[in-house]
Amino acid sequence: MQDHRQRQRKENDNDNNINRNGNHHQNVKALFESARMRSQITDDIEELNVNTAETRGGTKNRNAPRLKDMEDISNRFDEIVGQVAEFEEENVELVEELEGEGEEEEVEEEEEEEEEEVEGEEEANSSEMTASEDETSWISWFVNIRGNDFFCEVEETFIQDDFNLTGLSSQVPYYDFALDMILDVDIPLDSLTDEQHEIVETAAEVLYGLIHARYILSSPGMHKMYDKYQHVDFGRCPRSFCQGQPVLPVGLSDVTREFSVEVFCPRCQETYHPRSSKHANLDGAYFGTTFCHLFLLTHPELVVPKSPETYIPRIFGFRIHESSQYHKLRELNQNKRKSSKGAGGGSSDSNNNSAASKLPANNPSSAAPSSGRSKQAEPGKAASHKSQFS
């Protein structure tokens, strides 16, 4: 019996739910029907006003039947408006729900439109980025490589002038291919093997470095290096008494593959290795021995007085006397070096040559031997270069 009663209760609950859902759908239909009729009645009222105006104009007798029909329509409209108002009062929640659904649909449509606009903008930006990547020149790409921040961008008009490239064709292998690569001229890669193509890429880097050494001596190149110097792109002097003086890049030789790039301090007038190891493979010949000094002569306002301060060695706060072994040993070692350099012996020259700050073997410029010069520097010549800056 209890099971039977429970089943009847469940069936009654289901019937009630069905009736509620049915009433809900009927209410919704009624609401939409009332809205439709409201628009229809609005149209009828507009027509009624027009016809009433005509009636007042002297056509009363002729339009009397139509006027009676319009009065009936107006009365029916008032009845429907009253019913709609009663329905809305009784079904406030339903009306709010329907209005909320309409607002949600409008919000969803607006969000979809915004998403479509954002997608269109992203596609346009990606296409612009792709186009900009395709338009990036070889010079811009090379200058932005890590470790090449000492370089400035050489103008293509300077490279296209044959006078500025005099003598470089004999120093760089595959000179024509390397020059075309720098100027973004299409190269027939089918005629080159993979090994030859790698040599051309390396030769292009060497050729650009040699062109760069000449470009920075011109007025446009000097101006670009001035901007980099003002932004301290070359670093600061490591000497504490120079108080962070900006430095300039300098080469200890104008011949490639002899010395890596150094930095020159205008205050203490000494050369140092760059602080960052990423410049270790940068050839000093790409900046030359002339640039930093010509740069200071061109901009005399950048010349600073030499720092008079020097480091004084002390022990427990007391200065070391000049007659002590500390200073005598230093003078003795200096005299030995001068005598060995003056004698010009082969052993001393070879030692000085090995002590010079040469480029590592993996330097890109090693693939481009200078024409008319041996790959290895002459021992006496390397020693003379080193002696000038020791």
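How about the stretch 207-227: which of its residues are open to solvent by 40 Å² or more (accessible area, probe 1.4 Å) and not hydroxyl-bearing (Ser, Thr, Tyr)? Those that are open to solvent by 40 Å² or more (accessible area, probe 1.4 Å) and not hydroxyl-bearing (Ser, Thr, Tyr): ARG214, LEU217, PRO220, HIS223, LYS224, ASP227. Close Cβ contacts (under 9 Å, 6 or more residues apart or on different chains) running from residues in the stretch 294-307 that are touching a residue at least 24 places away in the same chain (Cβ under 8 Å) to residues that are open to solvent by 80 Å² or more (accessible area, probe 1.4 Å) comprise LEU296/VAL303; THR298/SER219; VAL303/LEU297; LYS306/GLN269; SER307/GLN243.
Looking at the structure I just gave you, is VAL263 buried (at least 22 other Cβ atoms within 10 Å of the Cβ), touching a Pro at 6+ places or on another chain (Cβ under 6 Å) and at pLDDT 95 or above? In short, yes. Could you tell me whether ASP283 is charged (D, E, K, R), in contact with a Leu (Cβ under 7 Å, 6 or more places away or on another chain) and touching a residue at least 12 places away in the same chain (Cβ under 8 Å)? Yes, satisfied. Count of the stretch 257-279 residues, restricted to those that are within 22 Å of LEU297 (Cα to Cα) and part of a loop (DSSP other than H, G, I, E, B), is 7. When the residues of the stretch 228-244 are filtered to those that are in a helix (DSSP H, G or I) and open to solvent by 10 Å² or more (accessible area, probe 1.4 Å), the one that is farthest from ASN144 (Cα to Cα) is PHE241. The C-beta contact set for the stretch 175-197 (first residue more than 15 Å from TYR208 (Cα to Cα) and in contact (Cβ under 8 Å) with a residue 12 or more places away in the chain, second residue of a type in the set (D, E, K, R) and open to solvent by less than 40 Å² (accessible area, probe 1.4 Å), distance under 9 angstrom, 6+ apart or interchain) is empty.
Residues in the stretch 299-328 that are open to solvent by less than 90 Å² (accessible area, probe 1.4 Å), in a helix (DSSP H, G or I) and modelled with pLDDT under 90: HIS327 only. The condition of being open to solvent by 10 Å² or more (accessible area, probe 1.4 Å), among the acidic types (Asp, Glu), closer than 24 Å to LEU297 by Cα and assigned to a helix (DSSP H, G or I) does not hold for ASP254.
The values are calculated or read from the model by the stated rules, or taken from the named source; none is laboratory data. Because the structure is a prediction, the values reported are computed rather than measured. Every residue, glycine as well, gets a Cβ built from its backbone with ideal geometry; the counts of neighbours run over all protein chains shown. To get the accessible areas, we keep the full protein, side chains included, count just its heavy atoms, and leave off ligands, DNA and RNA. Shrake-Rupley method; radii C 1.70, N 1.55, O 1.52, S 1.80 Å.
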